[in-house]
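Please treat every number below as a calculation from the coordinates, not as lab data. All values reported here derive from a predicted model rather than from experimental measurement. Note: ideal-geometry Cβ built from the backbone for every residue, glycine included; neighbour counts use all protein chains shown.
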Amino acid sequence: MIALSCYHCGLPTHEGGPTVTVDGAQQPVCCSGCKAVYELIQDNGLDHYYRDRQQPPAETAADTRRVSARRFQADVHRNGDQAALEVYVEGMYCAACSSLVETTLLSIDGVERASIDPLNHRLNVSWYPARIELVDWLNAITGIGYRPRPVTVDGVSPARAEQRASLKRLLLASLGMMQVMMFAIGLYAGDAQGIDARMEYFFRLVSLAVTTPVVAYSAQPFFIGAVRGVAAGRPGMDLPVALAIGLAFFGSVYSTFTHGAEVWFDSVTMFVFFLTLGRHVELRARSRATEKADALRPQLPNTATVIRNEQQVDIPIAEVRTDDLLVLMPGDQAPVDGVLLEGSTSVDESVLNGESHPQTRSAGDEIPAGSINLDTCVQLRVLRTGDSTVLGGIRRLARSAQLGRPQMVQTADRIARLFISAILVLAIAVAIVWSQLDPSRAFVVTLTVLVVTCPCALALATPTAFAAVHSWLSSAGLLLKNADAVEALAKADRVVFDKTGTLTLGRPNIADVRVTDTTLPRDTALQIAAALERHSRHPLARAFADVDSALIAKQVRAVPGHGVEGHVNGQHWKLGTRELVSGESDIQRRSVCLGRDGKCLAEFTLADPLRADAHDVVRSLQRRGLAISLLSGDGEAAVRDAANALGVQDWQAGMTPADKLECIRDWQAAGEKVVMVGDGINDAPVISGADASIAPSHAADVAQTRADMIMLGHRLQPVATALTASRATLAIVRQNIAWAILYNALALPAAAAGMVPTWLAAIGMSASSLLVVMNSLRLSR
Amino acid sequence: MSILYMLIPVGLILIAFAAGLFFWAVGNGQFDDLEEPAMLVFDDDEARE
């Protein structure tokens, strides 16, 4: 038998095993896992990996990095013959990494489920211990180059451990700084009044003793960051910092033992203390933003009660399928999205939209996962499960917005990196010039230049502001989907509102029914309309949701901008505008018509009240100098009423999405920045055409909308908040950048000229970056 | 002034002790949540039972 090695992992394999097709030729692989990984890599167009890799992955990889399953055993949950475990996966940087790990695991026989949360790098696995050992699938992860770790180390999560370490570093630096400063005062006084040489040497030795742990422990992250940056070929702001700390510390050590003129232990500890303080504050701000996002991911119940074979059974949530019948007892939290089958109950949906008031839901209404049933025991038909639920959509959004890096942050990053390279070049130039002018001061001046320049202020200016505004927005009930929208919102000139579902709640009710044909009873007309509208996603369709209808509509088709048509009881009915139903034109569009054979048989008058705070919000936007427009597809009368009630002069009715888009294009051509506030689904092209967009969340649509921001809840206030917050963010970013430029422009020449003492440089630099972080934090409220 | 040769090392030992105590407190979770404990006083003990 010929010895073959796996094309993917290099392990020995045998003939007749699984193969993959590489450039038309068959290549052996050792297992279906490798085959799946190869195909995944190829499908993503990454097969150059196989050409580029220097050598096949060392087969020792899997052996030397074997994990001990013992550390994980404590976290394993057993459930019948299945086991579940959450682990933290180290070394993942992107979505491709997580899908590689997931696919690898799922291809293993006995692994039932594997899913990764990219935000916190946690992997959830369910498997059958009878078919595969824990240690085997853990090793499959190590085999492809990632490292599973227990989620908790002695009961502490990695994020918490990071915070604790940061606090320890800060404390050590502050204690060290206070001590060294005390000795430094002695030394400075000694310089002025004269000091016993032995005493001076003693003070320096003591300072060295205190500074060493500060540099070794508190300043560790800067050294690690600098080395990592250099290794990756992208020196970050840690490099000049690490250089400055290292030079100052070792220069002082040298000076101590050679009885040189000066030591800078005080500058070193102070520098480390302020930098550590800045890092700590930044870390706290970031973790607070993450906590807010985590608040949107409540723990859903693990089991659900469903009806199988006319019996109630409790099954794990993973086994609930669409169209199952779910029993929801009072006090239960819905684990999946479902439709209420009969009766009515009140639910608490505060998890989804912050609305703390109980909501009444009756048959036909959707009850999204996460809402809590308050009243009666009800039955739901399951609509969506797992990640496709509304709640899942919100979580995904919150995650993707946090991972995304807005354009402004990327630009700031690039500038900061250029700046860092410039500083390094400048420091070398200063060293050369001063070694010609005054060699005895060359070292001090170069050190001061390195210390005084503050790329941190420049590098932190934008990202900290964006991180901070994130938590402001989420506490105001806004989900930021596209962080670039912040910039566009801040520069907005005009806000365009859609009416239905935006200025109004989109919960219309039937105010009046007028039957024009006596052969059609009023109730039948209502029931036919309700049956048709059950298939429509148009906001007006909700008005009919309360109607009890036993009729079923078939072959229902939506006519965009007009209504729906379909078969009920064998007859072809049309429901919508008068134009659709009878062909007559109707500018008023006050009512919805129901008819067949080109005749209008019944008319429904619908009323959709404005959101309670719509008037105040529109007024406050106008006071801020924004032009307000109202573009609606509704009839003229209804739009005019709404516009008058709100005090909006510029309104147009009866517009199709294409008309709206054209309007927006015209404004944009006139040089205006336009913000669209409207439904993210019906108005998708308009939303994409505007410079920035905000969509109200009609629960079910959250995940699919194209809008940049989504507002939760029943108030319009988030629109005003979004504009305020965006303007504030841009203002803060400008202040930060202006400060960073001003500071560096003043400090750098002074330091290069040798006019700044080292300790002052340390204070200036640290205070400058701290100022930027604090300024940004004003946004997080 | 030679008393300093003794006092300063004694001071350093005290500082080391304080740092050690603080490290223990951090490791013990004393600083993990600085907000909730302040709210605990509003929690009605009887209502909980």
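A full extension of the chain between A:R727 and A:Q82 corresponds to an added length of 227.0 nm, given 0.36 nm per residue minus the alpha carbon distance. Length available on full extension from A:A165 to A:L46: 0.36 nm per residue minus the Cα-Cα distance, which gives 39.0 nm. Residue exposure proxy: A:E310, A:E319, ordered by other Cβ atoms within 10 angstrom of their Cβ from fewest to most, comes out as A:E310, A:E319. For the range A:631-693, evaluate the Debye formula with one uniform point scatterer on each Cα (no solvent term) and list log10 I(q)/I(0) at q = 0.12, 0.18, 0.26 Å⁻¹, rounded to two decimals. One equal scatterer on each Cα of the range A:631-693 leads to -0.29, -0.66, -1.16.
Using only the Cα atoms of the range A:165-221, build the gyration tensor, take square roots of its eigenvalues as a ≥ b ≥ c, and label the shape rounded, prolate or oblate: rounded if a/c is under 1.5, else prolate if a/b is larger than b/c, else oblate. Note, shape of the range A:165-221 comes out prolate.
Label point of A:S32 set 7 angstrom out along Cα-Cβ; within the range A:126-141, amide nitrogens under 18 Å from it belong to A:126-133, A:136-138, A:140-141.
Here's how it looks for A:A602: its modeled amide H is under 5 Å from those of A:T516, A:L594, which are all 5 or more places away or on a different chain. Legend: P(r) of the range A:590-636 from all alpha carbon pair distances, 10 Å bins from 0, whole percents, reading 19, 32, 25, 14, 9, 0. Is the range A:738-781 best put as rounded, prolate or oblate by its Cα gyration tensor, with a ≥ b ≥ c the root eigenvalues, rounded for a/c under 1.5, and otherwise prolate when a/b is larger than b/c, oblate when not? Here the range A:738-781 falls in the oblate category.
A simple spin-label model places pseudo-atoms 7 Å from Cα toward Cβ; at A:D659 and A:R284 they are separated by 5.5 nm. In this simple spin-label model, placing a label point 7 Å from the Cα along the Cα-to-Cβ direction at both A:H535 and A:I552 gives a separation of 1.2 nm. For chain B, the longest principal axis of the C-alpha atoms and the axis of helix B:4-27 are separated by about 20°. Between A:A637 and A:T518, the simple spin-label model (points 7 angstrom out along Cα→Cβ) gives 2.5 nm.
For the pair A:Y201 and A:T303 in one chain, pulling the backbone fully straight at 0.36 nm per residue adds 29.6 nm over the alpha carbon distance. The residues A:V675, A:V215, when put in order of fewest to most other Cβ atoms within 10 Å, stand as A:V215, A:V675. By the count of neighbouring beta-carbon atoms within 10 Å, fewest first, B:I8, A:I432 end up ordered A:I432, B:I8.
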